[in-house]
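Here the structure is laid out as structure tokens; the discussion comes afterwards.
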Amino acid sequence: DMEAYKGREKDKQKELHEFAAKRLTDPNCSIRGVGSGDEKTLAEQFGAVSRVFLALPDGSKEVIRDITQKMGDGMAEYVAADLGQGTVDQAAYDRYCHMVAGLVGEGLSRIFVARGEEKAEILGQGERVWPFCVDSNKFAANLGLANSMGLFLQKTNIIRDYLEDYVDGRAFWPQSVWKRYAKTGDLGEFARPTAHGAGQHLKMKGPGGDIAGKGVGNQALLCLNELVADTLELVPDSLEYLGRLRTPSIYRFCAIPQVMAMATIMACFDNPLLFTGVVKIRKGLTARLIIATIDGPEAVHWWFGRLAQEVLDRLDAGTCAGADGPVGERLRKAAQRIVDRTRAMAGICEAQRTQKGLLVCGGLTLAAAAAIAISQGRMR
């Protein structure tokens, strides 16, 4: 809640630093004047959460208390930060995502292992080396993979929420990236139609259509596509994490947000509509993706591979901003790695679908033949 502590930033920082020790363990905790709607109800009745927490096994309580403390300390860093124009650079962008999402991945992974549901291999290092994770050579369970998975989700959300965050005065697109594309010193420039290809991507009909695109730039789309590439580079670690899970229910719990994020980042890719509102995936696609997680890893890999292939197809056709430049090269490398990483299991999924299709067709054929035979028998 950005309004509850307005003008009392030090009080808010104190609250965040002490939340794990003061609020989390208080069964009668009630926080007034914070949030609205369901958030307000949760804050006012937080004692119920505390009572559930206190009833958990010691291993789970230790993890939750530790992660809550780290998140509170991390969020306190940003209370007084000026984020009107985004984070300062890529490192600050990554660190923010770690604080609000990477730590969630760490906590969940540690709980899965502490409860004996998963093996410690999910706590290991991925291909990405993060400065906020300890050296894997000194401590193997450095939670690198868990952080990559969390950052993939958070970066997708930050990209998607560009306009909403900018309007709220707390943006997160890194200045070290967007200032290389913007013609002004304001992140809000990208919301202008002349910055994201108006008249080119959404062409007008009639006499004005010929001149509508003149003087229009694609700087917003170039910046967007670079941030999409940065996010797609985390997918191999996410897939590696999912591949190490052994409990079906935990696999589905983790795979659903991951494959949804993949579909969302592809909906954002090179999409000028992102700068006029929030881009969302269709409910029908959402349902298909959830079903894929139930079908198993092969179906999940098929979706990741198919969505990544869409990037390669756009690059080959030259129909996206930056296709022939450095941004396009980075996108191609990231997407190709996903396609290569998913090819084997996606192939299994294709074979299973073909087999099911043949069985369905065979069944329908037999049913039709039987119906004809019965009909002919009646006619006689």
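The values are calculated or read from the model by the stated rules, or taken from the named source; none is laboratory data. Quick caveat: nothing in here was measured; it's all calculated off a predicted structure. Backbone-built Cβ (ideal geometry, glycine too); neighbour counts: all protein chains shown. Keep in mind that these areas ignore ligands, DNA and RNA; they rest on the heavy atoms of the full protein, side chains included. Shrake-Rupley method; radii C 1.70, N 1.55, O 1.52, S 1.80 Å.
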> Taking +1 at the Cβ of each Lys and Arg and -1 at the Cβ of each Asp and Glu, which of T156, W178, L123 sits farthest along the dipole of segment 117-185 towards its positive end, judged by Cα position relative to the Cα centre?
Replying inline: W178
> When averaged across all projection directions, what area in nm² does the alpha-carbon convex hull of segment 20-121 cover?
Replying inline: 8.3
> When the Cα centres of segment 289-329 and segment 217-234 are compared, how far apart do they sit, in Å?
Replying inline: 14
>> At 1.4 Å probe size, put L222, L187 in order of accessible surface, largest to smallest.
In response: L222, L187
> With Cβ to Cβ distances under 12 Å as the rule, what net charge do the other residues near F19 carry (K, R +1; D, E -1)?
Replying inline: +2
> Once you charge only the Cβ atoms, +1 for Lys and Arg and -1 for Asp and Glu, what is the size of the charge dipole of segment 38-78 about its Cα centre, to the nearest 20 debye?
Replying inline: 140
> Expressed as a whole number of Å, what is the distance separating the alpha-carbon centroids of segment 24-69 and segment 77-97?
Replying inline: 27
> What percentage of the solvent-accessible surface of segment 140-179, computed with a 1.4 Å probe over protein heavy atoms, is contributed by carbon and sulfur atoms?
Replying inline: 48
>> Accessible area of segment 12-131 with a 1.4 Å probe: how many percent of it is carbon plus sulfur?
In response: 55
> Where does segment 210-345 land on Rg(C-alpha)/(2.2 N^0.38 Å)?
Replying inline: 1.12
> Sorted by average packing, counted as other Cβ atoms within 10 angstrom per residue and highest first, what order do 257-263, 59-65, 141-147 take?
Replying inline: 141-147, 257-263, 59-65
>> Viscosity 1.567 mPa s, temperature 4 °C: give me the Stokes-Einstein translational D for the chain in µm²/s, with Rh taken as the Kirkwood radius over C-alpha pairs.
In response: 55
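As a test of the formula, what do you get for the chain when each DSSP H run with n ≥ 4 contributes -39,500 (n - 2.57) and the sum is divided by the residue count, at 222 nm and rounded to the nearest 500 deg cm²/dmol?
-19500 deg cm²/dmol
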> Averaged per residue, what accessible area in Å² does the chain show with a 1.4 Å probe, protein chains only?
Replying inline: 51
